[in-house]
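One structure below.
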Amino acid sequence: MSPFPAHLLSMDDLDAEDIAEVLRVADSFVEVGRRANPKVPTLRGRTVATLFFEDSTRTRMSFETAAKRMSADVLSFAAGSSSVKKGESLRDTIETIEAIGIDSVIIRHGSSGVPAQVARWVDHCSVINAGDGWHQHPTQALLDLYTVRQAFGGGDVGLARFEGLQVVIVGDIRHSRVARSQITAYAALGAQVTLVAPATLLPPSLEGWPVVTVTHDLDKVLPKADVVSLLRVQAERGSGEFVPTLREYTAGYGLTVRRAAALHPDAVILHPGPIVRGVEIASEVAELPAALITEQVSNGVAIRMAVLFLLLGQVPVGGAHRV
Amino acid sequence: MSDSTDGLPATVLIRGGTVVDRDGERRADVLIESGRVAAVDGDLTAPRGATVLEAGGCVVAPGLVDLHTHLRQPGREESETVESGARAASLGGFTAVVAMPNTEPALDSAEAVRHVLQLGAGVSAEVAVAAAITVGRAGERLAPMAELAGLGVRLFTDDGAGVQSAGLMRRAFEYATDLGVILAQHCEDSSLAAAGAMHEGAWSSRLGIPGMPSAAEEVMVARDIALARTTGGRIHFLHLSTAGSVELVGRAKREGLAVTAEAAPHHFSLTDGCVAGYDPLFKVNPPLRPADDVAAVKAGLADGTIDAIATDHAPHAPELKDLPFDQAPPGMLGLETALALAITELDLPLATVLGLLSWQPAAIAGLDPASGGEHGGPVAAGSAANLCVIDPTATWTVDLSRLASRSRNSPYGGRTLTGQVRHTLFRGEPVVVDGEARR
């Protein structure tokens, strides 16, 4: 098996074997999470920094909880209150953070590619992409895979179910880092990915994408779907340029009660959150047992523990590749 | 080097080279006296005290002329000055550059134009000024074009942006007609380009970078061709980058419209796939395009649809190229690598390459002898000694630390290229000797 990559920047960094490894490792951390004292000493002495240039509650809390459950020290840089606000460049900020002696920087930025740039500037720190622009959000895709695998039997049984699994991703794919990560992730495990969106919310080109079907007809694809993955509609996308109104969007692409009834009994519904009830998903549908939105959130902590473990935990404190 | 007593450069003999100019190719030595070519002949004897420049195996050509240089002065002197830009030009074989008006403030007034002309008076290449079409390059009202034409401005452009209003552009065409000047357009419809930071296509979709479609360029090329037809005006298209644009310009030329065009070296040597690593060194506007567009630009240069290679030399301080890709300013250095990239990347006879880099742009800029200028002319007795001596087969590796530009934002660092500038003479003075700048 090839070594786990030094950074997690994109789902493209992981092959099927790497993904399976993350899911396996996450199993043990899910177990840790169920304990009365859900804490292990795995990353004691390690320091992890979250560097979020974009507001996020759930992803940041999820990463920080993951790191703390592994006994890492966690530093939290909020771009709004740090020297970034005083005009410090991104590169200087990163070099400062590395000079402090941080082992991993978890970065979210509104611009695509920032984690890749940061990875070029650091010498020994592991970079984890917690969402960059429209580009990638790999831990979200991994926790989705984990949640689906769990729903379909867990372990190797659940993993085997991805081969030929019908995955339907609905919504604003053009502007979605989640979709870009999901598509690569599902396809890596052999799933058949269908995209459903109006043309304005699809990427300008799908050349080279591992996508089987692209359609604007949600009703047609729902009965065959094993997984329906919804994307949040960002309110500004519904202001008239990309879709005329949110009402018209919901009519064509919302998972309404009527549409949810067309799903087969084993199908599951995923959403990266935060959900906008009544737009991409009806409130009643979000409460169905098939909707695994809460499971996604709790699995997110275990997945992020697994990623931190695979990036940092196997290297002795002080860093094997540190000079 | 010994200067003569009246301040004019010493007598120089360029020995052993092959002269290539608009009139063809011949083996000849070139004698220069008092800033002008005194003799061109098979074997000349160096007069006493003459500086001898060896040109064995080299081509002696009219100096190159860049239609599109950002010298950044006034306003961005940390990234380039007229002096440092001129030095970079000399090292690249250029004896004249056209300075673009998107400085801070913009070159939209007599005062601003005079300032840059004065800065250019003492440097190692001729600095012509392109002035803005509209006040502040804001696209709202015409700049005082007649007054600026009176100062010698030949080219007007809002480069960095296109004039968005078709109505205002039409008036600019009409007004320019009486002045004997040329409008030059950076073709980019801002509503289509929107916040695009690279070419819109397969790569932008994968990378999640907002894209600019080819249509953003092409609709403005098409619009300005229609306006040239309507007004009978002249238009020069800056940095054409798409197959569709080349096609439109070719059709306009066949129709007999007064249309010229240039292409930048990066648009025939790099593709949008270079952006895959999110390195802002590859961010440029118009953006790097896919291979089909690159092929069309090359074909346009080969068949004459595109008249000139222009560098779009765009220096930026290093910290600006460390910004996130979508926030970094577009542009890359060009003066010191343009000739070598043309020789390396284009499968064209050297005389064709030199036409694209010297006498054709000189004519567009009004810097050729026919327009009263001193550049791009034949290497013949009596003409101004603005010359470059090129070793067309020498290979060299681009070393960013050795560039004369104040900036380092070239994507070609480490690239090995063919074709090297040996000497450059500006008004008879050897400003580059054996690849080294003399001032």
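Taken together, the values in this text are just the output of simple stated rules run on the coordinates, not laboratory data. Given the structure is predicted, the values throughout are model-derived calculations rather than measurements. Reconstructed Cβ throughout: ideal geometry from the backbone, glycine too, with neighbour counts over all protein chains shown.
Can you give the calculated 222 nm mean residue ellipticity of the protein assembly as shown, where each DSSP H run of n ≥ 4 adds -39,500 (n - 2.57) and the sum is split over every residue, rounded to the nearest 500 deg cm²/dmol?
It comes out at -9000 deg cm²/dmol, rounded to the nearest 500.
For segment B:195-345, restrict the atom set to alpha-carbon positions and state the Rg and Dmax in Å.
Expressed in Å, the Cα Rg and Dmax of segment B:195-345 come to 15.5, 47.
What do you get for the angle between helix A:293-308 and the principal long axis of chain A? Use alpha-carbon atoms, 0 to 90 degrees, nearest ten.
Compared with the principal axis, the helix lies near 30 degrees.
Among DSSP beta bridges lying fully in chain B, give the percent that are antiparallel, nearest 5.
Here the antiparallel bridges make up roughly 50 percent for chain B.
On C-alpha positions alone, give me the angle between the axis of helix B:243-254 and the longest principal axis of chain B, in degrees, nearest 10.
Orientation of helix B:243-254: about 70 degrees from the principal axis.
Lys pairs in the protein assembly as shown, Cα-Cα under 24 Å, at least 8 apart or on separate chains: how many?
Total qualifying Lys-Lys pairs in the protein assembly as shown comes to 6.
Averaging sequence separations of C-alpha pairs under 8 Å and six or more residues apart, then dividing by the length of chain B, give the relative contact order as a whole percent.
20
Working from Cα positions, state the angle (0 to 90°, nearest 10) between the long axis of helix A:90-100 and the longest principal axis of chain A.
50
Suppose a student asked you for the relative contact order of chain A, using Cα pairs under 8 Å spaced at least 6 residues apart; what percent would you report?
Once normalised by length, the contact order is 20 percent.
Taking beta carbons within 10 Å but only from partner chains, what does the mean come to for residues A:112-122?
The shielding value for this peptide is 5.
May I ask for the net charge around residue A:129, where only other residues with Cβ less than 13 Å from the Cβ of residue A:129 are counted and Lys, Arg are +1 while Asp, Glu are -1?
Within the 13 Å Cβ shell, the charges total 0.
Local charge sum around residue A:173 (other residues, Cβ-Cβ under 13 Å, Lys/Arg +1, Asp/Glu -1)?
Here the count lands on +4.
I'd like the trypsin sites (Lys or Arg not before Pro) in segment B:126-229 restricted to DSSP loop residues with at most 13 other Cβ atoms within 10 Å, sorted by number.
Loop-located and lightly packed - B:141.
How large are Rg and Dmax for segment A:138-293 when calculated on the C-alpha trace, in angstrom?
Considering segment A:138-293 through its Cα atoms, Rg and Dmax are 14.4, 46 Å.
Summing +1 for each Lys or Arg and -1 for each Asp or Glu, what net charge is found among the other residues whose Cβ lies under 11 Å from the Cβ of residue B:179?
Taking every other residue near residue B:179 into account, the sum is -1.
What is the Å³ per residue value for the convex hull set by the Cα atoms of segment B:58-126? Show your work: numbers first, answer last.
Working: hull volume 5.5 nm³, N = 69.
Per-residue hull volume (Cα only) is 80 Å³.
Above 46 angstrom, tally the Cα pairs of the protein assembly as shown and express them as a % of all pairs, no decimals.
Details: 99170 of 289941 pairs.
Tail of the P(r) past 46 Å holds 34 percent of the pairs.
How many nm separate the modelled label positions at residue A:234 and residue A:258, each set 7 Å beyond the Cα in the direction of the Cβ?
Taking the simple label geometry, residue A:234 and residue A:258 are separated by 3.0 nm.
Counting alpha carbon pairs within less than 8 Å and at least 6 residues apart, what relative contact order, in whole percent, applies to segment A:75-172?
Relative contact order, segment A:75-172: 18 percent.
Calculate the tail of P(r) for segment B:82-209: the fraction of all Cα-Cα distances greater than 18 Å, expressed in %. Write out the running numbers ahead of the final one.
Numbers: 4691 of 8128 pairs.
More than 18 Å apart: 58 percent of the Cα pairs in segment B:82-209.
Could you give me D for chain B, from Stokes-Einstein at 10 °C and 1.306 mPa s, where the hydrodynamic radius is the Kirkwood radius over C-alpha pairs? Units µm² s⁻¹, please. Write out the running numbers ahead of the final one.
Details: Rh = 21.6 Å.
Translational D for this selection: 73 µm²/s.
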